[in-house]
2 protein chains.
Amino acid sequence: MTHFESEIQSLKDRLLAMASRAESAVTNSVKALVERDDDLARSVKENDDEIDLLEKEVDEQAIRLLAKAPLATQLRLIVSATKIARDLERVGDEATTISRRSIELSQEPQLKPYVDLPRMAQMALEMLRDALDAFVTKDTQKARSVIPRDKDVDALNKQLYRELASFMIEKPTTITRCLNLMAISKALERIADHAKNVAEDVVYLYEARDIRHSEASGK
Amino acid sequence: MTHFESEIQSLKDRLLAMASRAESAVTNSVKALVERDDDLARSVKENDDEIDLLEKEVDEQAIRLLAKAPLATQLRLIVSATKIARDLERVGDEATTISRRSIELSQEPQLKPYVDLPRMAQMALEMLRDALDAFVTKDTQKARSVIPRDKDVDALNKQLYRELASFMIEKPTTITRCLNLMAISKALERIADHAKNVAEDVVYLYEARDIRHSEASGK
């Protein structure tokens, strides 16, 4: 077996190790739910850190393997392109979710003027625009600047979730509307998440190193 | 410019076309929300079909480019590995969400025996297991069989969402618990979605064709 072949084999093995941990995570999380076992639930979170680490290792190994192949830079672009495309496809899905919920919302009177949602949308869109701009201009510093901003959108989403949850308890007639607004807020939070992924792919593409789940990503 | 270089350039152009459509989708979906414009909301869904098509084209082009490179089969494995790894990482995240919500749920009396959620978990886990088994055994027929099952999990999630929404309107004291159960149901639906992605990657890996957004995927 050549070195290349054994590296490919170890890539496969690592992926299977991830798979087995991901399966256990799902099994245990549902077991924790059914058996109301908080300790088991907490162990899922710890296990998740291992899964994150394995993903990083898979990607690093993929980078090493590609670096040895002819046309390494172009290959990296191809890999990044398929990953970025998947994220953009998801952004489109989330926009479709927002639209579907908006149509439901327009069948009832508006709860209150929308302030937080357009602000979240603005932040998520700027992240997306900067990540794509960084892709075009090969500006990895700009790409890096996108990553920590995901936390701000997350925080806004959590805050809005809490506000809407309290609001529906106080006024149960608003439940349907609050659920729609929660779904929209969550969709915006996911769009920011995808923008962060694109930014990480841009750094990977031009610097050939993986910054996920590291200090730089603020995780 | 060589043919390879011009193909790479056209891959980039296609990605930027996707990016611009994804941005418009988000902008228009939020505009539709704020201005209560149902027609604009519906146009986002139509635009989304174009984004899906572009993603398919990006991936097909990536396959064509990789096919021309030396070590084409190994390269395809590397690309698939990084995509599968990302999906598995997300499965871990969803399991963590389920665990977090379970801990919140165990602070209040249980609403009713859980029947649908363990069933959804079972279905999602079987999809994941089959997709990974297909990866190991190179069984693309098995991988293909995973794809339509995503619709069943989607249907269960939608049904449970409606039941829980009605339930919280009838009994507002259950709102917090219903919201946690909705989040768990959604997480399971996403796990099935990731299993479907892995299955699609396995077909791509061994058959070198893209089946997403085609008739076979039931979309």
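Consider segment A:73-104 and keep the residues that are at the interface with chain B (Cβ under 7 Å from one of its Cβ atoms) and of a type in the set (Gly, Ala, Ser). The one that is nearest to A:CYS178 (Cα to Cα) is A:SER102.
Let's see how each residue does on (1) more than 21 Å from the chain's Cα centre (by Cα); (2) hydrophobic (A, V, I, L, M, F, W, C):
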position: B:PHE4; (1), (2): yes, yes
position: B:LEU11; (1), (2): yes, yes
position: B:LEU15; (1), (2): no, yes
position: B:ALA19; (1), (2): no, yes
position: B:LEU40; (1), (2): yes, yes
position: B:SER43; (1), (2): yes, no
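Within segment B:169-192, residues that are more than 8 Å from every other protein chain (Cβ to nearest Cβ) sit with their Cβ atoms under 7 Å from residues that are part of a helix (DSSP H, G or I) and among the basic types (Lys, Arg), at 6+ positions apart or across chains, in these pairs: B:ASN180/B:ARG101; B:ALA183/B:ARG101. Within segment A:111-123, the presence of a residue that is more than 9 Å from chain B (Cβ to nearest Cβ), without any contact (Cβ under 8 Å) to a residue 60 or more places away in the chain, under 29 Å from A:GLU5 (Cα atoms) and part of a helix (DSSP H, G or I) is excluded. Each residue in segment B:166-219 was checked for being charged (D, E, K, R), closer than 22 Å to B:PRO148 by Cβ and modelled with pLDDT of 95 or more, and 5 pass. B:GLU89 - would you say it is within 30 Å of B:ARG129 (Cβ to Cβ) and assigned by TED's automatic domain parsing to the domain that holds B:LYS171? Answer is yes for this residue. Among the residues of segment B:112-141, the ones that are farther than 21 Å from B:ALA95 by Cα and surrounded by fewer than 16 Cβ atoms within 10 Å (Cβ to Cβ) come to 6 in all. The criterion of being assigned by TED's automatic domain parsing to the domain that holds B:ALA131, of a type in the set (A, V, I, L, M) and at negative phi holds for B:ALA95.
Would you confirm whether any residue within segment B:51-60 is more than 17 Å from the chain's Cα centre (by Cα) and surrounded by fewer than 23 Cβ atoms within 10 Å (Cβ to Cβ)? Yes, the conditions are met somewhere in segment B:51-60.
Of the set (1) within 21 Å of A:VAL79 (Cα to Cα); (2) at pLDDT 90 or above, all apply to A:ASP59 but (2).
Okay, residues lined up against (1) more than 23 Å from B:ALA95 (Cα to Cα); (2) at the interface with chain A (Cβ under 9 Å from one of its Cβ atoms); (3) within 19 Å of the chain's Cα centre (by Cα); (4) part of a helix (DSSP H, G or I):
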| site | (1), (2), (3), (4) |
| --- | --- |
| B:SER145 | yes, no, yes, yes |
| B:ASP152 | no, no, yes, yes |
| B:LEU156 | no, no, yes, yes |
| B:TYR161 | no, yes, yes, yes |
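Residues that are in contact with a helix residue (DSSP H, G or I) (Cβ under 9 Å, 6 or more places away or on another chain) and in a helix (DSSP H, G or I) within segment A:131-143 comprise A:ALA131, A:LEU132, A:ASP133, A:ALA134, A:PHE135, A:VAL136, A:THR140, A:GLN141, A:LYS142, A:ALA143, listed in sequence order. Restricted to segment B:184-197, and to residues there that are hydrophobic (A, V, I, L, M, F, W, C) and out of contact with any Ser or Thr (no Cβ under 9 Å at 6 or more places or on another chain), the residue that is surrounded by the fewest Cβ atoms within 10 Å (Cβ to Cβ) is B:ALA192.
One residue stands out among those in segment B:78-104 that are of a type in the set (Lys, Arg) and free of Cβ contacts under 8 Å to residues at least 24 places away in the same chain: the one that is nearest to A:ALA41 (Cα to Cα), which is B:ARG100. B:VAL34 passes every criterion in (1) within 7 Å of chain A (Cβ to nearest Cβ); (2) in contact (Cβ under 8 Å) with a residue 24 or more places away in the chain; (3) surrounded by fewer than 17 Cβ atoms within 10 Å (Cβ to Cβ) apart from (2). For segment A:8-21, the count of residues that are under 27 Å from B:LYS196 (Cα atoms) and touching a residue at least 60 places away in the same chain (Cβ under 8 Å) is zero. In summary, A:LEU75 fulfils each of the numbered conditions (1) closer than 22 Å to B:LEU132 by Cβ; (2) more than 21 Å from the chain's Cα centre (by Cα); (3) among the aliphatic types (A, V, I, L, M) with the single exception of condition (1).
The values are calculated or read from the model by the stated rules, or taken from the named source; none is laboratory data. Values in this document were obtained by computation on a predicted structure and should not be read as measured data. A quick note on method: Cβ atoms are made from the backbone with ideal geometry, for glycine too, and the neighbour counts reach across all protein chains shown.
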